[in-house]
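A.B. asks: The structure is given below, and queries will be raised subsequently.
The values are calculated or read from the model by the stated rules, or taken from the named source; none is laboratory data. Remember, predicted model here, so these are calculated numbers, not experimental data. Quick reminder, even Gly has a Cβ in these numbers, built from the backbone with ideal geometry, and neighbours come from all protein chains shown. Calculation scope for accessible area: heavy atoms of the full protein, side chains included, ligands and nucleic acids excluded. Shrake-Rupley method; radii C 1.70, N 1.55, O 1.52, S 1.80 Å.
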Amino acid sequence: MNDALLSDPCVPTRAEPLDSPILRRDHERSDSTVAVPAQAGPEDSYLERLQPFLKPGAVVRGGAFPEARIDAFTTGMRANAHYFSHPKWMDDWLVSVHRYPELRERWLSVVGSLDDKVLVDVGCGPGNLLAALGGNPKIAIGVDIAPGSLERAAGVGYLPLRADAHDMPLRSGIADVVAINGSLHHLDDMRRALVEASRLVRPGGLLILDHDPQRSAWDFRGIALLLWRLRLPIYRWLRRGGHTAADDEQIWALATELHHRPGDGLTRELVHTTLRPLGFDIAIYPHSHYVGKEVLDGAMGRPPLKIRLAQRLSGIDPRSAEAALSLFVVARRRTL
């Protein structure tokens, strides 16, 4: 999650660019099924390795990487497929996003080593999580909608799978760890995606969420909301805010942020009401990102100054748990 991206979700003001064969291909498909690359190569071994983890009857095609049928290719999916496939943006993303040492410490304090474990990373992007955590998983399945990200994730060590995170072709109970790192708020239906991800966790296994915006921290109001929205044209004018001017990066990035806006985002209630009935014990640790294993003892860190000011103007106490930018959710499926 990038705090520079907070805005009402938008659709780019122009149609999918002519130089985007990924989007053009998806737009031209009348049945919204995922196209298969024309040339098959050594990458077909991906599908062979994936087979033991697929649901019976799952429709998954081989090629550059396995692709599942997607029956409803939404506007949000289209935006994510474009943004997270852009070569320059994803090269930068893989190097700089979610690669700080406190993240590694925080995750490994609850996961332990990934060695010999089955990891499913939902919304893996170009592979940042595995790149940050390291280890030698038995298999690391990276699920994403963006072909360009999957190509990079494969280079990190993921077995890439293009699929809808709301309806994955994977068998239930296959994973020691299911990770959703900063990707839940990019999905159309967060609750449905949580239910689907939870299905993959084995008894005793973990479902971990991180880096999705906590709704209460970003619930800006009044003058704070006005100033926050005005920052976007200022960022464009100053050519800052985390995006380049080339190829309308800011416009496309904002179009992917489906639940990162005032009045939206992840809540404790959503997590508890979704996962408890499914047999999970849940611990939630609010934090503002640059906090390591001490998050388990209640450390939260502080939001950046501009966020704290907006929170003050909105009646939010920046020192409170409700002001923490994200929720680190550790959910363990109970054994029978």
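A.B. asks: Please state which of the following conditions I141 fails to meet, knowing it meets all the rest: (1) over 20 Å from R199 (Cα atoms); (2) not in a loop (DSSP other than H, G, I, E, B).
C.D. replies: I141 satisfies all of (1) over 20 Å from R199 (Cα atoms); (2) not in a loop (DSSP other than H, G, I, E, B) except (1).
A.B. asks: Would you call L194 open to solvent by less than 10 Å² (accessible area, probe 1.4 Å) and not in a strand (DSSP E or B)?
C.D. replies: Considered against the rule, which asks whether it is open to solvent by less than 10 Å² (accessible area, probe 1.4 Å) and not in a strand (DSSP E or B), L194 comes out as yes.
A.B. asks: Sticking with this one: With respect to the numbered conditions (1) over 25 Å from L254 (Cβ atoms); (2) not in a strand (DSSP E or B), which one is the sole condition not fulfilled by H185?
C.D. replies: All conditions pass for H185, except number (1).
A.B. asks: Would you pick out the residues in segment 101-132 that are within 15 Å of G157 (Cα to Cα) and assigned to a helix (DSSP H, G or I)?
C.D. replies: N128, L129, L130, A131, A132
A.B. asks: Residues in segment 312-334 that are in contact with a strand residue (DSSP E or B) (Cβ under 7 Å, 6 or more places away or on another chain) and either surrounded by 14 or more Cβ atoms within 10 Å (Cβ to Cβ) or among the acidic types (D, E) (or both): how many?
C.D. replies: So in segment 312-334, the residues in contact with a strand residue (DSSP E or B) (Cβ under 7 Å, 6 or more places away or on another chain) come out as 321, 324-334.
Next, only the ones that are either surrounded by 14 or more Cβ atoms within 10 Å (Cβ to Cβ) or among the acidic types (D, E) (or both) stay: 321, 324-333.
Count: 11.
A.B. asks: Going by the structure shown, is P56 assigned to a helix (DSSP H, G or I), out of contact with any strand residue (DSSP E or B) (no Cβ under 6 Å at 6 or more places or on another chain) and open to solvent by 40 Å² or more (accessible area, probe 1.4 Å)? Give the derivation first.
C.D. replies: Details: assigned to a helix (DSSP H, G or I): no; out of contact with any strand residue (DSSP E or B) (no Cβ under 6 Å at 6 or more places or on another chain): yes; open to solvent by 40 Å² or more (accessible area, probe 1.4 Å): yes.
The answer is no for P56.
Every residue, every condition in (1) out of contact with any helix residue (DSSP H, G or I) (no Cβ under 8 Å at 6 or more places or on another chain); (2) modelled with pLDDT under 95, yes or no:
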{"site": "D92", "(1), (2)": "yes, yes"}
{"site": "D115", "(1), (2)": "yes, no"}
{"site": "G127", "(1), (2)": "no, no"}
{"site": "A132", "(1), (2)": "no, no"}
{"site": "Y158", "(1), (2)": "no, no"}
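A.B. asks: Would you please name the residue that is surrounded by the most Cβ atoms within 10 Å (Cβ to Cβ), looking only at residues in segment 106-160 that are polar (S, T, N, Q) and over 19 Å from P52 (Cβ atoms)?
C.D. replies: Quick first cut of segment 106-160, residues polar (S, T, N, Q) only: 109, 113, 128, 136, 149.
The next check asks that each one be over 19 Å from P52 (Cβ atoms); those that pass are 109, 113, 128, 149.
Working: S109: 14, S113: 12, N128: 26, S149: 30.
The qualifying residue surrounded by the most Cβ atoms within 10 Å (Cβ to Cβ) is S149.
A.B. asks: Restricting attention to segment 68-83, and to residues there that are in contact with a Leu (Cβ under 8 Å, 6 or more places away or on another chain) and within 18 Å of H166 (Cα to Cα), which single residue is most open to solvent (accessible area, probe 1.4 Å)?
C.D. replies: R78
A.B. asks: Turning to a different aspect of this structure: Take segment 247-272 and flag every residue that is polar (S, T, N, Q) and open to solvent by less than 10 Å² (accessible area, probe 1.4 Å). Let's see the steps before the verdict.
C.D. replies: Pass one, segment 247-272, residues polar (S, T, N, Q): 250, 256, 267.
T256, the sole residue that qualifies.
A.B. asks: Give me the residue from segment 199-227 that is assigned to a helix (DSSP H, G or I) and open to solvent by 20 Å² or more (accessible area, probe 1.4 Å) and, out of that set, modelled with the lowest pLDDT. Show your work before the answer.
C.D. replies: Of all residues in segment 199-227, those assigned to a helix (DSSP H, G or I) come to 199, 215-218, 222-227.
Within this subset, residues satisfying the condition of being open to solvent by 20 Å² or more (accessible area, probe 1.4 Å) are 199, 215-216, 222-223, 225-227.
Values: R199: 98, R215: 96, S216: 97, G222: 93, I223: 92, L225: 90, L226: 89, L227: 84.
Only one residue fits best here, namely L227.
A.B. asks: Give the residue, chosen from L296, L309, L275, that is at pLDDT 90 or above, assigned to a helix (DSSP H, G or I), farther than 22 Å from V97 by Cβ and open to solvent by less than 20 Å² (accessible area, probe 1.4 Å).
C.D. replies: Checking each option against the conditions leaves just L275.
A.B. asks: If you check I284 against the conditions, is it surrounded by fewer than 22 Cβ atoms within 10 Å (Cβ to Cβ), of a type in the set (A, V, I, L, M) and at pLDDT below 95? It would help to see each step written out before you state the result.
C.D. replies: Values: surrounded by fewer than 22 Cβ atoms within 10 Å (Cβ to Cβ): yes; of a type in the set (A, V, I, L, M): yes; at pLDDT below 95: no.
The answer is no for I284.
A.B. asks: Quick test for you: out of S320, S326, pick the one residue that is within 21 Å of the chain's Cα centre (by Cα) and hydroxyl-bearing (S, T, Y). Walk me through how you get there before you give the answer.
C.D. replies: Details: S320 fails: within 21 Å of the chain's Cα centre (by Cα).
So the residue among S320, S326 that is within 21 Å of the chain's Cα centre (by Cα) and hydroxyl-bearing (S, T, Y) is S326.
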